[in-house]
Each structure stands twice: as structure tokens, then as C-alpha cells.
Amino acid sequence: MNRLSTYASFVRFSHSVFALPFALTGALLAIYERELRGTAFDGSIRDQVAWIVVAMVAARSAAMGFNRLVDARHDALNPRTAMRELPRGAMTAREAMLFVVISSLVFIGAAYKLGPICLALSPVALAIVFWYSLAKRFTSYTQLFLGLAMAVAPVGGWLAAGGGAGWQPWLLGLAIGTWVGGFDVLYACQDLAFDRAHGLRSIPVRFGVGRSLVISRAMHVVTVACLAALGPLAHLGWIYSAGVVGVALLLVYEQSLVSEHDLSQVKRAFDLNGYVGILYFAATALAIYVR
């Protein structure tokens, strides 16, 4: 159990709640869209949802494990991250590499079960999520690449459930991408001095804390706009709209916790995001169920 706890902490397993609800929402919208077109979903919905969950958790675990591996040297130097599993010796680099390989294979296996399109795109998805960990060495727009990596989730869910051509997955992908990118900008502000000292790049390093907060807030405005636009496009009704209002209020509160001269509440603001995906998925599911 201690080893299991170490591995779960290594990849911050609890943070799966960020992307997973959006992947499930993508699948839910695809199934709903097929019903509106009069096209029944082929196969077992329960099995498909189970494989989506496996794929999401495995992909995120592989990405986080890879991130911890390539950042181990910097993590050991940063007081905020020095107690992570690799720097403090709770795990070896060999264990971490094996974990990433196994997680990647599980993801590809789940993609195979989800269909030929998902299987064909699985290497692309892994390349995107792995690139984020390297991006800070090459570009200041690291947080945008994390947003891109997370935007894969709802599009993947849509494809896994057999969704057709439409704007729904792209709006949802843009929403989660700007949401995640926005809160990662906030999170990166606390490492500004360390990143500058060690030649790492980020939006806060390039623009400073003040302008980075403006960028983060603008991204969250785009998030809410995309979610709001999705409602009438997918015929989701007032319950869905109420859920979007709830998400908007959570993001306003999150932003209010952080200011240019006070970053002490960044962790608290970050943790609020766990409720965003859950609230959004619940509102979407309820909106579809009561129609």
C-alpha cells in the first residue's frame, strides 16, 4: 500500500479530475448528437465509458511520469518541488521510466478498444502530452502547450463515442485548453524567480506576473464564452446554461484569490479547478437527461 501511495503521489492521481470529466462530456455529447440524428450508438456504452476512463488515466499518468523524469534535476533544486518522489529518493529513475512505458502501453491498448481512429491517433496524443514537459526549454508559451495536451481529452471522448463532424468537440477542446492554460499561468507565477535563474521559459518569465494575470483572465473569458456557445449549438437548454454560470463564478473566484503582489493563495486557486470539471459534467449530463 505504501508503494501504491507513492506511485499515486508521483503522478498526482487525484488531479485526473481535471481532464476526465471533459473527456466523458465529449463522449456524452457525441452519444446525444447521434440520438438527435437518429443514429443509435453501436456497442456497449458502459464498456466504452470504461475504456475512456482507462485511456484518460493512463495517458495522464504517462505524461505526468515523463514530466517528473525530465524535470527531476530542476525539481531537486527548487524548494517547492524538492520533496517530490524522485528528488527525495522515494522512487528511482528506472522505476519512473518503467511506469511511463507501462502507462503508455495501457493507453495504446485502451485506444485500440475504442476504435481504429483512436488507435491511429494515440501516438499523436502521446507526443502532444510528452512535448509539454520539454516545452519550457524552448518556448515561453509552455502553458499553451499544456492547454493543447488537455484539449485532446474531449475530442478523444467525442471520437471514442462515434461523434460525427461538428463544432461541439472543437469548442469543448478550446474551452478546456484555455481553462487549463489559464490556471497553469497562475501556477507558474510562483516559480518565476527560479525559472529565470535556471533559464527555463514560461509566460510569467516573459511577461511578468502582472501581465500574466491579465493573460490568464483573458483565457478564462474564452473558456466561458466557448462553453456558453456550445449550449445552443448542442441544444442543451437552461440547466446546461446554469452550469456554465456556475463554472464562470468558480473561475472568477479563482482569479480573485491571486494578485500581482500576493501569490500566497495560488495553491488554493489551483485546487478549485477540481470542482470545475465535475460541475460542468454534472450540469451537461443533467441537461441531457431531463430533455
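When Thr139 is tested against (1) among the hydroxyl-bearing types (Ser, Thr, Tyr); (2) in a loop (DSSP other than H, G, I, E, B); (3) in contact with a Ser or Thr (Cβ under 7 Å, 6 or more places away or on another chain), just one condition goes unmet, and that condition is (3). Summed over the range 105-136, residues that are open to solvent by 40 Å² or more (accessible area, probe 1.4 Å) and assigned to a loop (DSSP other than H, G, I, E, B) total 1.
For the range 250-262, residues that are open to solvent by less than 60 Å² (accessible area, probe 1.4 Å) and without any contact (Cβ under 8 Å) to a residue 40 or more places away in the chain total 2. Is it the case that some residue within the range 56-68 is farther than 18 Å from Pro123 by Cα, without any contact (Cβ under 8 Å) to a residue 60 or more places away in the chain and either under 21 Å from the mean Cα position of the chain (by Cα) or part of a helix (DSSP H, G or I) (or both)? Within the range 56-68 (the criterion being farther than 18 Å from Pro123 by Cα, without any contact (Cβ under 8 Å) to a residue 60 or more places away in the chain and either under 21 Å from the mean Cα position of the chain (by Cα) or part of a helix (DSSP H, G or I) (or both)), the answer is yes, since at least one residue qualifies.
Output yes when any residue across the range 82-90 is surrounded by fewer than 19 Cβ atoms within 10 Å (Cβ to Cβ), free of Cβ contacts under 8 Å to residues at least 40 places away in the same chain, outside any helix (DSSP H, G or I) and of a type in the set (Lys, Arg), and no when none is. The answer is yes; a qualifying residue exists. Does Ala76 count as of a type outside the set (Val, Ile, Thr) and at pLDDT 85 or above? It is true that Ala76 is of a type outside the set (Val, Ile, Thr) and at pLDDT 85 or above. Only one entry of Ala93, Ala188, Ala125, Ala120 meets the criterion of being of a type in the set (A, V, I, L, M, F, W, C), over 23 Å from Leu69 (Cα atoms) and out of contact with any Lys or Arg (no Cβ under 6 Å at 6 or more places or on another chain), and that entry is Ala120.
If the condition is being open to solvent by 40 Å² or more (accessible area, probe 1.4 Å) and either touching a Pro at 6+ places or on another chain (Cβ under 9 Å) or modelled with pLDDT under 85 (or both), then the range 91-104 contributes no residue at all. For residues in the range 261-291 being among the hydroxyl-bearing types (Ser, Thr, Tyr) and over 17 Å from the mean Cα position of the chain (by Cα), which is farthest from Ala30 (Cα to Cα)? My answer is Ser264.
Filtering the range 263-291 down to residues that are open to solvent by 70 Å² or more (accessible area, probe 1.4 Å) and either of a type in the set (D, E, K, R) or outside any loop (DSSP other than H, G, I, E, B) (or both), which residue is modelled with the lowest pLDDT?
Filtering the range 263-291 for residues that are open to solvent by 70 Å² or more (accessible area, probe 1.4 Å) and either of a type in the set (D, E, K, R) or outside any loop (DSSP other than H, G, I, E, B) (or both), the one modelled with the lowest pLDDT comes out as Arg291.
Please verify whether Leu172 is open to solvent by less than 10 Å² (accessible area, probe 1.4 Å), more than 30 Å from Ala72 (Cα to Cα) and in a helix (DSSP H, G or I), treating the condition exactly as stated. In short, yes. Could you list all residues from the range 102-130 that are of a type in the set (A, V, I, L, M) and touching a residue at least 60 places away in the same chain (Cβ under 8 Å)? Answer for the range 102-130, where residues must be of a type in the set (A, V, I, L, M) and touching a residue at least 60 places away in the same chain (Cβ under 8 Å): Leu114, Ala125, Leu126, Val129.
The values are calculated or read from the model by the stated rules, or taken from the named source; none is laboratory data. Note that the coordinates shown come from a computational prediction; the quantities given were computed from them, not determined experimentally. Here the Cβ is made from the backbone with ideal geometry for all residues, glycine too, and neighbour counts use every protein chain on show. Accessible surface is based on the protein model in full, side chains and every heavy atom, while ligands, DNA and RNA are left aside. Shrake-Rupley method; radii C 1.70, N 1.55, O 1.52, S 1.80 Å.
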